[in-house]
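Below is one structure, written out as structure tokens; comments come after it.
The values are calculated or read from the model by the stated rules, or taken from the named source; none is laboratory data. The model shown is predicted, which means the values in this text are computed figures rather than measured ones. Here Cβ is always computed from backbone atoms with ideal geometry, including for glycine, and neighbour counts include all displayed protein chains. Surface areas here come from the heavy atoms of the whole protein model, side chains and all, with no ligands, DNA or RNA. Shrake-Rupley method; radii C 1.70, N 1.55, O 1.52, S 1.80 Å.
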Amino acid sequence: MTDEASSSDKPWPVRVVSQKIGQWINRLGWIWVDGQVAQVTRRPGTSTVFLTLRDPSADLSLTVTTNRDVVDLGAPGLNEGARIVVHARPEFYAARGSLSLRADEIRQVGVGELLARLEQLKKLLAAEGLFARERKRRLPFLPRRIGLVTGRASAAERDVLTNARRRWPTIDFRVINVAVQGPSAVPQILDALAVLDRDESIDVIVLARGGGSIEDLLPFSDEALCRAVFACRTPIVSAIGHETDVPLVDFVADLRASTPTDAAKRIVPDLGDELRLIGQAKQRLDRALRGLLDREQHRLDALRSRPSIARPLTMVDTRAAEVTALQARATRNLTHRLDRAGTELDHTLARLRTLSPSATLQRGYAIVQRTDGAVVRSPKEVTADEALRIRLAEGELTATAGS
């Protein structure tokens, strides 16, 4: 009992707790259990067979006890790694506090049943969107580092590493070796995926395995693995088996490679090809640049051949000559007009002199003016004894008007 239990609660002895658990488990009755055989133990001299039945998607197993005849009848030649269904009754051993199964029927899952289960799981995952094309991520052109999940010292590992480094010698890998078949495959692969997905230096993860039977490739169709691949933030490449092998993880992965060798070709560019492409691009760039320079040179030559550019002073000299000619013409016109105006002025002056009072006075005439300057034109305009001024050609006189 916990510390929070009220003081009125009476603690149960361990044996009572164990008995209660056993009673509850006994109420389950007979059930069908699906799993993968991790171990088969046949004791000599007895008819009892002990099986370790493991969950393909979790690190969990139960012991199954059965009769040799049950095994021989339902699953003859049963070996480790086989997928079976057992009809069993859970048993709880209170003394040891352990749980096991006692089976009275064992059925080995055949290929047809496996394919039917896989097809059903495929439809389920597709309906949930795990295969959707729009969620698949594009692989980086040149990954900084590649995570590889594969079997230890396997041909798949050798193919990926060798072909990738042949294409790009400096490519970096982080390899995690796991079991790629059998009851421990899925948990190990899940752990490796989690480790690589957390590694910030990993740009892409490759799941690689060589070919095999449907049973051998079964871990790569496991539901838990498919969901883990879907949840990864890092792009996943599936390179499982041969081209004809299509486990469910192929549909979930961001890229399916037909073989591990194909995966190496898909995730790493070929250095030789890239150098050739760079060379070709450089040649095209050189040709384009030379063509551009040639065209601009021709345009520059055409511009420089124009008279205004080739002989820029010609236009200035022409305009200077035109200005000089206009200046001379203006000078001539102005001189002509001034001469003609001078002549006309002289004629006008001559006429003015001829008609002026001074000229009249020079001929002996005189001008009589009153003291206020008014010219006297008639004797009636003056009174007797009025002072008068008489202007002559040379000087003037004063006089007094008579009666």
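Would you mind stating whether residue 191 is under 28 Å from residue 35 (Cβ atoms), open to solvent by less than 40 Å² (accessible area, probe 1.4 Å) and assigned to a helix (DSSP H, G or I)?
Values: under 28 Å from residue 35 (Cβ atoms): yes; open to solvent by less than 40 Å² (accessible area, probe 1.4 Å): no; assigned to a helix (DSSP H, G or I): yes.
Answer is no for this residue.
Quick check on this structure: which one of 264, 239 is in contact with a Pro (Cβ under 9 Å, 6 or more places away or on another chain), surrounded by 10 or more Cβ atoms within 10 Å (Cβ to Cβ), in contact (Cβ under 8 Å) with a residue 40 or more places away in the chain and not acidic (Asp, Glu)?
239
Test of understanding: among 180, 186, which residue is outside any loop (DSSP other than H, G, I, E, B) and of a type outside the set (Lys, Arg)?
Numbers: 180 fails: outside any loop (DSSP other than H, G, I, E, B).
None of the other options fit; the residue is 186.
Grab the helices (runs of 4 or more DSSP H) fully contained in segment 211-309, keeping just those with 1 or more residues being in contact with a Lys or Arg (Cβ under 6 Å, 6 or more places away or on another chain).
Values: elements: 223-231, 249-252, 260-267, 271-305.
Those helices (runs of 4 or more DSSP H) span 249-252.
Could you look through segment 359-403, keep only residues that are among the polar types (S, T, N, Q) and in contact with a strand residue (DSSP E or B) (Cβ under 7 Å, 6 or more places away or on another chain), and pick out the one that is nearest to residue 349 (Cα to Cα)?
Quick first cut of segment 359-403, residues among the polar types (S, T, N, Q) only: 360, 362, 369, 371, 378, 383, 398, 400, 403.
Add one more test, that the residue is in contact with a strand residue (DSSP E or B) (Cβ under 7 Å, 6 or more places away or on another chain), and what stays is 369, 371, 398, 400.
Working: 369: 26, 371: 30, 398: 31, 400: 36 Å.
The residue in question is 369.
On the basis of being farther than 15 Å from residue 87 by Cα and either modelled with pLDDT of 80 or more or exposed (fewer than 13 other Cβ atoms within 10 Å of the Cβ) (or both), does residue 35 make the cut?
Working: farther than 15 Å from residue 87 by Cα: no; either modelled with pLDDT of 80 or more or exposed (fewer than 13 other Cβ atoms within 10 Å of the Cβ) (or both): yes.
No.
How about segment 165-179: which of its residues are open to solvent by less than 30 Å² (accessible area, probe 1.4 Å) and β-branched (Val, Ile, Thr)?
Within segment 165-179, 171, 178 meet the criteria.
Pairs, please: C-beta under 6 Å, at least 6 apart or cross-chain, first residue in contact (Cβ under 8 Å) with a residue 24 or more places away in the chain and in segment 152-170, second of a type in the set (Val, Ile, Thr)?
From residues that are in contact (Cβ under 8 Å) with a residue 24 or more places away in the chain, the pairs are 156/150; 157/150; 159/261; 163/261; 164/171; 164/268; 167/268; 168/268.
Which of (1) over 22 Å from residue 76 (Cβ atoms); (2) without any contact (Cβ under 8 Å) to a residue 60 or more places away in the chain does residue 15 not meet, given it meets every other one?
So the condition that residue 15 fails would be (2).
Confirm whether residue 96 is among the basic types (Lys, Arg) and touching a helix residue (DSSP H, G or I) at 6+ places or on another chain (Cβ under 8 Å). Steps first, answer last, please.
Working: among the basic types (Lys, Arg): yes; touching a helix residue (DSSP H, G or I) at 6+ places or on another chain (Cβ under 8 Å): no.
Spelling it out, it is not the case that residue 96 is among the basic types (Lys, Arg) and touching a helix residue (DSSP H, G or I) at 6+ places or on another chain (Cβ under 8 Å).
Looking at segment 192-213, which of its residues are over 22 Å from residue 241 (Cβ atoms) and without any contact (Cβ under 8 Å) to a residue 60 or more places away in the chain?
First, pick out the residues of segment 192-213 that are over 22 Å from residue 241 (Cβ atoms): 194-195, 197-203.
Listed by number, the residues that qualify are 194, 195, 197, 198, 199, 200, 201, 202.
Could you tell me which residue of segment 56-92 is nearest to the chain's Cα centre (by Cα), considering only residues that are part of a loop (DSSP other than H, G, I, E, B), crowded, with 16+ Cβ neighbours inside 10 Å and small (Gly, Ala, Ser)? Break it down stepwise before answering.
The initial filter retains those residues of segment 56-92 that are part of a loop (DSSP other than H, G, I, E, B), namely 56-60, 75-82.
If we keep only those that are crowded, with 16+ Cβ neighbours inside 10 Å too, we end up with 56-57, 75, 78, 81-82.
If we keep only those that are small (Gly, Ala, Ser) too, we end up with 57, 75, 81-82.
Working: 57: 37, 75: 56, 81: 46, 82: 48 Å.
Among those residues, the one meeting the criterion is 57.
Can you say whether residue 216 is farther than 23 Å from residue 146 by Cβ and either of a type in the set (D, E, K, R) or touching a residue at least 40 places away in the same chain (Cβ under 8 Å) (or both), as far as the supplied structure shows? If you could, list the steps in order and put the result at the bottom.
Numbers: farther than 23 Å from residue 146 by Cβ: yes; either of a type in the set (D, E, K, R) or touching a residue at least 40 places away in the same chain (Cβ under 8 Å) (or both): yes.
Yes; evaluated as a whole, the condition is true for this residue.
Test of understanding: among 125, 99, 130, 118, which residue is part of a helix (DSSP H, G or I), touching a residue at least 24 places away in the same chain (Cβ under 8 Å) and either open to solvent by less than 30 Å² (accessible area, probe 1.4 Å) or closer than 30 Å to residue 27 by Cα (or both)?
Working: 99 fails: part of a helix (DSSP H, G or I); 130 fails: part of a helix (DSSP H, G or I); 118 fails: either open to solvent by less than 30 Å² (accessible area, probe 1.4 Å) or closer than 30 Å to residue 27 by Cα (or both).
Being part of a helix (DSSP H, G or I), touching a residue at least 24 places away in the same chain (Cβ under 8 Å) and either open to solvent by less than 30 Å² (accessible area, probe 1.4 Å) or closer than 30 Å to residue 27 by Cα (or both) holds for just one of 125, 99, 130, 118, which is 125.
So which of 196, 225, 207 is open to solvent by less than 10 Å² (accessible area, probe 1.4 Å), under 24 Å from residue 35 (Cα atoms), at pLDDT 95 or above and of a type outside the set (Val, Ile, Thr)? Don't jump to the end; show me each part of the working.
Details: 196 fails: under 24 Å from residue 35 (Cα atoms); 225 fails: at pLDDT 95 or above.
None of the others qualify; the one that does is 207.
Let's see how each residue does on (1) within 36 Å of the chain's Cα centre (by Cα); (2) at pLDDT 95 or above; (3) of a type in the set (Gly, Ala, Ser); (4) closer than 30 Å to residue 140 by Cα:
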site	(1), (2), (3), (4)
246	yes, no, no, yes
250	yes, no, no, yes
257	yes, no, yes, yes
262	yes, no, no, yes
273	yes, no, no, yes
277	yes, no, no, yes
301	no, no, no, no
309	no, no, no, no
312	no, no, no, no
